[in-house]
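Let me begin by presenting the structure, written as structure tokens, before commenting on it.
The values are calculated or read from the model by the stated rules, or taken from the named source; none is laboratory data. Everything numeric in this text was worked out from a predicted model, so none of it was measured. With ideal geometry, Cβ positions are generated from the backbone for all residues, glycine too; neighbour counts draw on all protein chains shown.
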Amino acid sequence: MTGSDSTILLAVTGWDPDVWQSEFAKAAPGRKLVLDTKDANEKIRYALVWKQRPGSLMGLPKLEVIFSLGAGVDHIFHDHQIPDVPIVRIVSPDLTMRMSEYVVWQVLDHHRLGLRYRQQQAQKVWHEDRRQPAAHEVTVGILGLGVLGRDAAQKLRNLGFRVSGWSRRLQTIEGVTSHFGKDGLKDFLRDVDIVVCLLPLTPETKGILSMTMFAQMKAEGPLGAPVLINAGRGGLQNEPDILAALDRGMLSAVTLDVFKTEPLPKTSPLWTHPQVVITPHAAASSSPQALVPEIVAQLESYERGEPLKNIVDKAAQY
Ligand code: NDP
Ligand code: OXD
């Protein structure tokens, strides 16, 4: 089968498919893209997915590869009926840069007391606080030293922060103190002032941002109690525990980009907590303009017989 004979399924929910479709038409004008398996299920060779409807990838006898339209793939595993074909995820300089911008923005905002100054401005309070910790006095710890965590770690190092990281297996990054595995978590937590979570959501990491973790962090540092920034997934966090840790002074502030339920329900107390910064799962959006040409390039190299890149480990689920 040649590339032009093969049909591609775009299976997305919660995102507007039109812009993906029009970028595909530009990048691969000879390929047929369908939004529905109806009448095409015998021809579909690839599926591009974001939160596909459960079961919608079954019954496609020619399906060879599933491409996640995001870096995370928990949205695929959420569906318990997925065919046994390789799953490829997004690894892209565009996405990585967006995430590092977000991490640097939030780390600097907390480091430079942004929450406090915005609250003072709202009340027209001029309170000169001369105590400003230097970046080299602050340790930023990154949970997840993968594609995104590594890049953010390097950018934070360049800003002068002390940086540490935690991963499943040992990862070595120049200038970054590495910890790994369940045994390494305790040492990692002991020393962090700002924790940035860039973990995938897997059976092992679910609910990891909990009171058990916060209780292992130091009580006082240059910013007061530690700060938590989660741009990984909402399922990593226990939201009642985060609120309790803030109210008990175990965490001094929190930035959350991701939530257990998205959109975050209007009834959530997180919306109005003075020490919580909320962004709407916008840390690193998948840009169709940047990502479609990269996916098409992967399809073309695969059809030339080259191995697929960025294949997900199905046992580990990331
Ligand atoms: P990678 O797969 O490259 O990296 C994942 C990292 O997490 C690795 O360092 C891995 O360890 C570590 N890890 C996984 N499981 C465990 C565990 N049980 N214990 C300790 N460490 C673990 O992923 P990316 O960096 O590309 O992306 C990370 C996540 O960011 C995505 O899965 C997604 O959920 C989220 N994301 C959020 C976005 C947003 O807009 N909010 C946008 C894009 C991504 P090891 O190195 O040993 O494999
Ligand atoms: C992703 C995301 O996983 O946008 O890429 O959350």
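In segment 266-288 there is no residue that is closer than 30 Å to residue 82 by Cβ, of a type in the set (D, E, K, R) and surrounded by fewer than 18 Cβ atoms within 10 Å (Cβ to Cβ).
Scanning segment 44-62 for residues that are touching a Gly at 6+ places or on another chain (Cβ under 8 Å) and free of Cβ contacts under 8 Å to residues at least 24 places away in the same chain yields no hits at all. Do the conditions hold for residue 214, that is, is it aromatic (Phe, Trp, Tyr), surrounded by 19 or more Cβ atoms within 10 Å (Cβ to Cβ) and in contact with an Asp or Glu (Cβ under 8 Å, 6 or more places away or on another chain)? So residue 214 passes the test. Taken together, 60, 145, 159 contain a single residue that is under 27 Å from residue 12 (Cα atoms) and among the hydrophobic types (A, V, I, L, M, F, W, C), which is 60.
In the condition set (1) within 15 Å of ligand 2 (Cβ to nearest atom); (2) of a type in the set (Asp, Glu); (3) part of a helix (DSSP H, G or I), residue 241 is compliant with all but (1). Just to be sure, is residue 88 β-branched (Val, Ile, Thr), farther than 27 Å from residue 254 by Cβ, crowded, with 16+ Cβ neighbours inside 10 Å and in contact (Cβ under 8 Å) with a residue 40 or more places away in the chain? When the stated conditions are applied, residue 88 passes them. Screening 189, 201 for residues that are buried (at least 16 other Cβ atoms within 10 Å of the Cβ), near ligand 1 (Cβ under 10 Å from one of its atoms) and over 16 Å from residue 156 (Cα atoms) leaves exactly one candidate, 201. If the condition is being of a type in the set (Lys, Arg) and surrounded by fewer than 12 Cβ atoms within 10 Å (Cβ to Cβ), then segment 119-150 contributes 124, 130, 131. Quick check: is even one residue across segment 96-110 touching a Leu at 6+ places or on another chain (Cβ under 9 Å), surrounded by fewer than 19 Cβ atoms within 10 Å (Cβ to Cβ) and not in a helix (DSSP H, G or I)? For segment 96-110, residues touching a Leu at 6+ places or on another chain (Cβ under 9 Å), surrounded by fewer than 19 Cβ atoms within 10 Å (Cβ to Cβ) and not in a helix (DSSP H, G or I): absent. What about residue 90, is it under 30 Å from residue 62 (Cβ atoms), within 12 Å of ligand 1 (Cβ to nearest atom), assigned to a helix (DSSP H, G or I) and among the β-branched types (Val, Ile, Thr)? So residue 90 fails the test. Selection within segment 230-249: residues that are more than 13 Å from ligand 1 (Cβ to nearest atom) and crowded, with 20+ Cβ neighbours inside 10 Å. The member of this set that is nearest to residue 109 (Cα to Cα) is 246. Condition first: touching a His at 6+ places or on another chain (Cβ under 6 Å), crowded, with 20+ Cβ neighbours inside 10 Å and modelled with pLDDT of 95 or more. Can you find one or more residues in segment 222-229 that meet it? Checking segment 222-229: at least one residue is touching a His at 6+ places or on another chain (Cβ under 6 Å), crowded, with 20+ Cβ neighbours inside 10 Å and modelled with pLDDT of 95 or more.
When 141, 149 are checked against the criterion of being within 16 Å of ligand 2 (Cβ to nearest atom), outside any loop (DSSP other than H, G, I, E, B) and touching a residue at least 40 places away in the same chain (Cβ under 8 Å), 149 stands alone in meeting it. Is it true that some residue in segment 210-226 is touching a strand residue (DSSP E or B) at 6+ places or on another chain (Cβ under 6 Å), of a type outside the set (Ser, Thr, Tyr) and within 16 Å of ligand 1 (Cβ to nearest atom)? Among the residues of segment 210-226, not one is touching a strand residue (DSSP E or B) at 6+ places or on another chain (Cβ under 6 Å), of a type outside the set (Ser, Thr, Tyr) and within 16 Å of ligand 1 (Cβ to nearest atom), which makes the answer no.
Selection of segment 152-173 for residues being of a type outside the set (A, V, I, L, M, F, W, C) and either out of contact with any helix residue (DSSP H, G or I) (no Cβ under 8 Å at 6 or more places or on another chain) or assigned to a helix (DSSP H, G or I) (or both) yields 154, 155, 157, 158, 172.
Taken as a whole, the structure places residue 298 among residues that are surrounded by 14 or more Cβ atoms within 10 Å (Cβ to Cβ), under 30 Å from residue 90 (Cα atoms) and polar (S, T, N, Q). Only a single criterion out of (1) outside any loop (DSSP other than H, G, I, E, B); (2) surrounded by fewer than 14 Cβ atoms within 10 Å (Cβ to Cβ); (3) without any contact (Cβ under 8 Å) to a residue 40 or more places away in the chain is not satisfied by residue 75, namely (2).
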